[in-house]
2 protein chains.
Amino acid sequence: MTLEYIDLKYKPKRTDLVAEYTLKPAKGVSLREACEAIAGESSIGTWTDIHTLTPKIAKKLKPHVFSIKGNTIQVAYNEELFETKNIPQVLSSIAGNIFGMKKLESLRLEDIEFTKKLVQSFKGPRFGIQGIRKMTKVKKRPLVGTIVKPKLGLSASKHAKVAYGSWIGGCDIVKDDENLTSMSFNKFRERIRKTLEARKKAEKKTNEVKIYMPNVTAETKEMLKRAYFVKTQGGRYVMIDIMTCGWSALQTLRNVNLGLVIHAHRAMHAALTRNKEHGISMLTIAKVARLIGVDQLHIGTIVGKMAGPAVEVGGIEGEMEESMIKEKGHVLEQKWYGLKPTFAVCSGGLHPGLVDKLMEKLGKNIIIQAGGGIHGHPKGTTAGAKAMRQAVDAIMKKQTLRQYAKKHVELKQALDEWGS
Amino acid sequence: MTLEYIDLKYKPKRTDLVAEYTLKPAKGVSLREACEAIAGESSIGTWTDIHTLTPKIAKKLKPHVFSIKGNTIQVAYNEELFETKNIPQVLSSIAGNIFGMKKLESLRLEDIEFTKKLVQSFKGPRFGIQGIRKMTKVKKRPLVGTIVKPKLGLSASKHAKVAYGSWIGGCDIVKDDENLTSMSFNKFRERIRKTLEARKKAEKKTNEVKIYMPNVTAETKEMLKRAYFVKTQGGRYVMIDIMTCGWSALQTLRNVNLGLVIHAHRAMHAALTRNKEHGISMLTIAKVARLIGVDQLHIGTIVGKMAGPAVEVGGIEGEMEESMIKEKGHVLEQKWYGLKPTFAVCSGGLHPGLVDKLMEKLGKNIIIQAGGGIHGHPKGTTAGAKAMRQAVDAIMKKQTLRQYAKKHVELKQALDEWGS
């Protein structure tokens, strides 16, 4: 039997997952034909009629392309097509083979709206924004973080020393860089031990709660071993490169439920997300990450060294923070059914002179991270951390950075170095 | 200190991992500047000078952009920048943040040449081509496989029935589709039990070795549970969607070393690999998959429903099969240091009428898989399997498909249905 998937009169049911795509058909292929191919290949179809597909199966499981606006289409899939608790399976269906089809010139998955049953099968963040604010005792202002720099090269001892310098300057958070795991010159266990010792000292000195985020990126079992080790050493956080480790391992890390906050770095995301005509949107990735349960996720900066327009970054932050957001542009509605919100992390080329613009765009519920923008301060790491914290304090006190810099020399030095 | 990474006189050392990229600088950015940004961000640099980067670290660890030809560059990285046994870490470095840099318009990772130390830290395939030929007792011809269709919708019993029909028609292999895991209408354990029972019967009837490849795609621990279950039920294979599960989980599956052949489906790869200007090449993904140790990997078809030009598909097959291949086009040399070769799987829109062209291009060391091209046969699944096996036999006997079809009715019906 030949199936037809386009039905513009179809109204999605509560039990339908909805995906939004933008596409370009290949030369000589009509938009209609391209839509039919996408809907079939992402669900129950193949390229030719087959004997094994009965009308009963087709009626129950065939998806419906119910909206076509320009090159943007929406497809409703019966949730029975998906396995609960299994992100890879969902993506293999609706973000799988279709990207490679000859009938398409290009395809981008813009958004997914998950059903209640699917959402509730995942854990979501264990801590989320409120849990992290409670843990750090930072109630209103953005959290300030740094990445130890250089990315690679420091010994475990030097790493701990740079971390200490950052904390006492005013950073709440110190994190490993995305490519720092267990290196010949800086072994994981030694680094964790020494850096967590330094954290204790910094907490004593500053009377503030300090956070260290060790990068546990590795093969799954090794990753879990490292996370357990962090736990036994008194750590509160782990960080993971979610894109290069992959969704199965991320689900595993969340499911073992060690009581550690999970910080998600998104290195490699832009290989998928950057091209506006082909790939997968960052919004989709952010939704999936919240569903699985990352407590913190990098979303870009609007300002800084990484690409990402304001409207996009803001949209992602909204999706991670709100319990439900209304359709705007291509953003599908998503109810989160009680899953906690994820804390948005802004990182990449930030320095104190950019804090005003950043907070103006994204508000106070963000984590501001700077590497070079702290360790590159003319007076070094501790001064850099002071400057960044001063910049945040300035905005919280409704002063301009330049006003506040009059009585705060480290901020002044930073603004003079990098501009404001 | 300011680092400079471009050094066209630099000769890569044996201890250097080499990566090849093609790039487009952003407007107003020179190629030189773009190269410097890539090399820094993928190793030890950041966007500004920092105090914590010492000359000693820089001398030891800074990478060298040693070749710039048009928009194609090669970068040599000291292997100390990478953790052995940790693919996610390697990718977070050289396929991480750089895709998102504002200084670039687009970036594509074309190839990686791994060092001996890195290669030898991975297991590679446990079986590889020779192991699979030994297991199946198929010495020279391509293996013939099918995917049970429709992708989703059949009950476990019907699934087993379709599998049985495929095997007795002549398929060596029956596999689950990429989005079939454990569904409400077809539970994993029931399907595996019933389909492996059907396999036994088919082996008895045909006196051939038959393979079933159950899809264990899931969160890592659940994936391993399912793989163990397959093992306890007498299965010989598992399949996994490597792109949606991710590299950490794939390494885990290989490392637990259950004695099961690992079949790698690449659903979602084209979101990364298809755009020739941005993303990651399929060649790179194939190399990484062989390194970790998949025994079989989908590589496309040249002919069929999925995109992939002949030169590209052939190049990937070469890299997976040869112990070492010489530079051709942008392909870097790779010594495999004894790691076994991966069996290339051709899948996507194939039918018997395409087998001659496929074997002409790719030879006999391939696995030919067809879903619609078997279950869509006018006389049904078993006839479809017969036709596909007949097509392979024809080419092995150096006859044309049409010649052979004169005495083989199922092949004739297939050729009449789909052309040849």
### Query
Can you give the angle from 0 to 90° between the axis of helix A:247-256 and the longest principal axis of chain A, with both taken from C-alpha atoms, to the nearest 10?
60
### Query
Normalised by the number of residues in region B:16-119, what is the relative contact order in percent for Cα pairs under 8 Å and 6+ residues apart?
47
## Note on the structure
From most to least accessible, 1.4 Å probe, no ligand or DNA/RNA atoms counted, B:Thr206, A:Thr15 line up as A:Thr15, B:Thr206
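Where the only charges are on Cβ atoms (+1 Lys, Arg; -1 Asp, Glu), what is the dipole of region B:16-119 about its Cα centre, to the nearest 20 debye? Please report the intermediate quantities before stating the final value.
Working: 14 positive and 13 negative charges, 33 e Å.
So the dipole magnitude of region B:16-119 works out to roughly 160 debye.
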#### Entry: Pairwise burial A:B, computed as accessible area of each alone minus the pair, summed, 1.4 Å, Å²
7500
#### Entry: Among beta bridges that DSSP assigns inside the protein assembly as shown, antiparallel share in %, nearest 5
45
## Note on the structure
Taking the chain alone as reference and the full protein assembly as comparison, with a 1.4 Å probe on protein heavy atoms only, the residues of region B:178-204 that lose at least 10 Å² of accessible area are B:Glu178, B:Asn179, B:Thr181, B:Ser182, B:Met183, B:Ser184, B:Phe185
### Residue-by-residue Karplus 3J(HN,Hα) for region B:149-166, coefficients 6.51, -1.76, 1.60, Hz, glycine and proline x
10, x, 3, 9, x, 6, 6, 4, 5, 5, 4, 5, 5, 5, 4, 4, x, 5
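As a quick test, which of the pairs B:Lys364/B:Lys407; A:Lys85/A:Lys187; A:Lys62/A:Lys340; A:Lys24/A:Lys56 have an alpha carbon distance above 29 angstrom in this structure?
Working: B:Lys364/B:Lys407 23 Å; A:Lys85/A:Lys187 34 Å; A:Lys62/A:Lys340 32 Å; A:Lys24/A:Lys56 32 Å.
With Cα atoms farther than 29 Å apart: A:Lys85/A:Lys187; A:Lys62/A:Lys340; A:Lys24/A:Lys56.
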### Summary
Taking only the alpha-carbon atoms of the protein assembly as shown, the convex hull volume per residue, in cubic angstrom, is 143
### Message
Between A:Thr232 and A:Tyr337, what is the label-point separation in nm under the 7 Å Cα-to-beta-carbon projection?
### Response
3.8
### Query
Hey, can you list the residues from region A:115-154 whose accessible area shrinks by 10 Å² or more with all protein chains present, relative to the chain by itself (probe 1.4 Å, no ligands or nucleic acids)?
A:Lys149, A:Pro150, A:Lys151, A:Leu152, A:Gly153, A:Leu154
### Summary
To the nearest 10 degrees, the tilt of helix A:31-41 (Cα long axis) against the first principal axis of the alpha carbons of chain A is 80
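Against the empirical 2.2 N^0.38 Å scaling, what ratio does the C-alpha Rg of region B:1-58 come to?
Values: Rg = 12.7 Å, N = 58, 2.2 N^0.38 = 10.3 Å.
In units of the 2.2 N^0.38 Å rule of thumb, it is 1.23.
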### Query
If you line up the long axis of helix B:409-418 against the longest principal axis of chain B, both from Cα atoms, how many degrees apart are they, to the nearest 10?
50
### Message
Please check region B:92-106 for residues whose accessible area, probe 1.4 Å, is lower by 40 Å² or more when all protein chains are in place than in their chain alone.
### Response
B:Ser92, B:Asn97, B:Phe99, B:Gly100, B:Lys102
### Message
Can you tell me what share of the DSSP beta bridges in region B:210-337 is antiparallel? A percent to the nearest 5 is fine.
### Response
10
### Query
In whole percent, how big is the carbon plus sulfur part of the accessible area of region B:16-119, probe 1.4 Å, protein atoms only?
52
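With a 1.4 Å probe and all protein chains left in place, how much accessible area per residue does region A:16-119 have, in Å²? Working shown, then result.
On the way: 3390 Å² over 104 residues.
So region A:16-119 comes to 33 Å² accessible per residue, rounded to a whole number.
Give the accessible surface of region B:128-418 per residue, rounded to a whole number of Å², with probe radius 1.4 Å and ligands, DNA and RNA excluded.
Working: 9540 Å² over 291 residues.
Per-residue value: 33 Å².
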### Message
Rounded to two decimals, what is the ratio between the C-alpha radius of gyration of chain B and 2.2 N^0.38 Å?
### Response
1.07
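Taking 20 °C and 1.002 mPa s as the conditions, I'd like the Stokes-Einstein D for region A:16-119 in µm²/s, using the Kirkwood hydrodynamic radius from alpha carbon pairs.
Values: Rh = 14.0 Å.
It diffuses with D of about 153 µm²/s by this estimate.
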### Rounded to 5, the percent of DSSP beta bridges in region A:128-418 classed as antiparallel
15
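Relative contact order for region A:361-403: what percent, with Cα pairs under 8 Å and sequence separation of 6 or more?
On the way: 21 pairs, mean separation 8.4, N = 43.
After rounding, I find 20 percent.
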### Task
Return the calculated 222 nm mean residue ellipticity for the protein assembly as shown, to the nearest 500 deg cm²/dmol, obtained by summing -39500 (n - 2.57) across DSSP H runs with n ≥ 4 and dividing by the residue count.
-12000 deg cm²/dmol
### Task
Under 12 Å from the Cβ of B:Lys85, count the other residues' Cβ atoms, weight Lys and Arg +1, Asp and Glu -1, and hand me the total.
+1
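Rounded to the nearest 0.05, what FRET efficiency do A:Lys407 and A:Lys364 give with R0 = 25 Å and r taken as the Cβ-Cβ distance? Could you check? All intermediate terms of the calculation are to be shown ahead of the outcome.
On the way: r = 22 Å, r/R0 = 0.90.
Efficiency computed from Cβ-Cβ geometry: 0.65.
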### Query
Of B:Met239, B:Ser42, B:Met268, which is farthest along the charge dipole of chain B in the positive direction, counting Lys and Arg as +1 and Asp and Glu as -1 at C-beta?
B:Met239
### For chain A, size of Cβ-based charge dipole, Lys and Arg +1, Asp and Glu -1, in debye
1980
### Task
Keeping all protein chains in position, work out how much accessible area B:Arg199 exposes to a 1.4 Å probe, and write it in Å² to the nearest 10.
10
### Query
Which loop-located GluC sites (Glu not before Pro) does region B:329-413 contain, where loop means any DSSP state but H, G, I, E or B and the Cβ has at most 15 other Cβ atoms within 10 Å?
B:Glu333
### Query
Normalised by the number of residues in chain B, what is the relative contact order in percent for Cα pairs under 8 Å and 6+ residues apart?
16
### With all protein chains modelled, accessible area of A:Asp49 [1.4 Å, Å²]
80
### Query
How would you classify region A:352-420 from its alpha-carbon gyration tensor, with a ≥ b ≥ c the square roots of the eigenvalues: rounded for a/c under 1.5, else prolate if a/b is greater than b/c, otherwise oblate?
oblate
### Task
Give the span of region A:264-409's Cα atoms along each principal axis, as three whole-Å numbers ordered largest to smallest.
47, 30, 25
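The values are calculated or read from the model by the stated rules, or taken from the named source; none is laboratory data. Computed from a prediction, not measured in an experiment: that's the story for all the values here. Note that we place each Cβ from the backbone using ideal geometry, even for glycine, and neighbour counts take in every protein chain shown. We work out accessible area using only protein heavy atoms, side chains counted, and drop any ligands, DNA or RNA first. Shrake-Rupley method; radii C 1.70, N 1.55, O 1.52, S 1.80 Å.
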